[in-house]
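The values are calculated or read from the model by the stated rules, or taken from the named source; none is laboratory data. A quick note: this is a predicted structure, and the numbers were derived from the prediction, not measured. Note that each Cβ is placed from the backbone with ideal geometry, even for glycine, and that neighbours are counted across all protein chains shown. Areas reflect the complete protein model, heavy atoms only, side chains present, ligands, DNA and RNA absent. Shrake-Rupley method; radii C 1.70, N 1.55, O 1.52, S 1.80 Å.
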Amino acid sequence: MNWFQERENARRSHFYEIWENSVPQVFQDVPTYYRKGNIVASLGVWEIWVWQFVRSIILNPGDHVLDVAAGTNDLGLRLLKKQPDIHVTAVDRSRDMQRQGQVLAKRNQVRIESVIHDAHELPFPDNSFDVVTLQAASRHLQLDKVFPEIYRVLKPNGRFYHCDMLRPTHRIVEWLYLRFLKISVALTAAAFGSSAAARNCGTYFSDAIHHFYTPDELSAVLGLCGFSKIHCRKSVWGGMVGFHAARKVVAESPSSGG
Ligand SMILES: C[S@@+](CC[C@H](N)C(=O)[O-])C[C@H]1O[C@@H](n2cnc3c(N)ncnc32)[C@H](O)[C@@H]1O
């Protein structure tokens with residue numbers, strides 16, 4: 001067993017029950033204030049991160065894009081603004097988040113196909129998408145299942161873009177960051193009148209980051225899942241947030257040249 005498998009087993013033993021029971025309850029509650037909540041909890045920095053992430057994503061006219069754990073389609077809407085000539089499919093297991101995502105798509109007069117499904121088994125054929133994105137969700141996912149699924153549904157040469165809050169490389173930054181997170185999640189949940197599930201998730205949010213990957217580790221994980229041309233395009237503030245890009249490069253078989 002390699003270190004990645006060991007880490008995923010450890011993450012499962014810490015969080016599986018929370019991922020299955022508490023996380024769905026949290027996302028039942030937040031759809032209508034999700035974006036505002038993120039802005040408040042991060043003191044506005046969220047918008048800068050998302051803007052930087054969108055800037056780093058290369059989109060060509062006609063691309064088929066899959067946004068995994070798409071939530072309220074925050075990312076899909078921004079991608080369609082950047083390049084209107086793309087087809088966006090959103091997959092998320094939360095009906096409530098996606099319902100709000102469809103309201104926002106309608107309001108912005110764009111079409112985003114919505115698929116309600118668990119990200120650990122993507123309901124799409126092999127080699128379906130030019131681009132796959134995953135933003136602000138992989139801390140809640142089993143990466144040894146999701147990353148191979150993303151690889152499978154990408155077309156050869158397809159591009160994967162990942163952005164999330166990661167485990168900072170510097171221990172002092174981590175200590176300060178996790179304490180800030182616990183307090184800001186609790187205050188934001190109270191300010192928006194959230195349910196008990198959302199109010200109590202501050203400890204889980206900080207524990208999930210403590211057991212997650214640093215930017216360099218995440219690059220190595222992508223390599224172990226088969227991806228090539230892996231770049232940690234940017235990691236900000238001691239690795240608190242990282243933007244990764246990777247490709248599915250399929251070696252040509254010797255007979256394919258004719
Ligand atoms: C923090 S939100 C991020 C939403 C969106 N990617 C964004 O950046 O705005 C996390 C999302 O992951 C979804 N999610 C969590 N576990 C999932 C799973 N196993 N399969 C599919 N979606 C999942 C939740 O329903 C939620 O919508």
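Annotations for the structure displayed:
- Some residue of region 170-183 being surrounded by 16 or more Cβ atoms within 10 Å (Cβ to Cβ) and within 16 Å of the ligand (Cβ to nearest atom): yes
- Of all residues in region 28-48 being more than 10 Å from the ligand (Cβ to nearest atom) and of a type in the set (A, V, I, L, M, F, W, C), the one that is most open to solvent (accessible area, probe 1.4 Å): Leu43
- When His244 is tested against the conditions (1) in contact with a His (Cβ under 6 Å, 6 or more places away or on another chain); (2) modelled with pLDDT under 95; (3) in a strand (DSSP E or B), the lone failure is (2).
- Asp216 vs. criteria open to solvent by 60 Å² or more (accessible area, probe 1.4 Å) and charged (D, E, K, R): yes
- Verdict on Arg247 being within 30 Å of Ile58 (Cβ to Cβ), in contact with an Asp or Glu (Cβ under 7 Å, 6 or more places away or on another chain) and open to solvent by 30 Å² or more (accessible area, probe 1.4 Å): no
- So Leu66, is it among the aliphatic types (A, V, I, L, M), more than 27 Å from Thr188 (Cβ to Cβ), within 15 Å of the ligand (Cβ to nearest atom) and under 12 Å from the mean Cα position of the chain (by Cα): yes
- Region 75-94 residues that are within 16 Å of Asp130 (Cα to Cα), paired with ones that are of a type in the set (Val, Ile, Thr) and away from the ligand (no atom under 14 Å from the Cβ) (beta carbon under 6 Å, 6 or more apart): Leu80/Val110
- Boolean, Ser228 is surrounded by fewer than 20 Cβ atoms within 10 Å (Cβ to Cβ), free of Cβ contacts under 8 Å to residues at least 60 places away in the same chain and among the polar types (S, T, N, Q): yes
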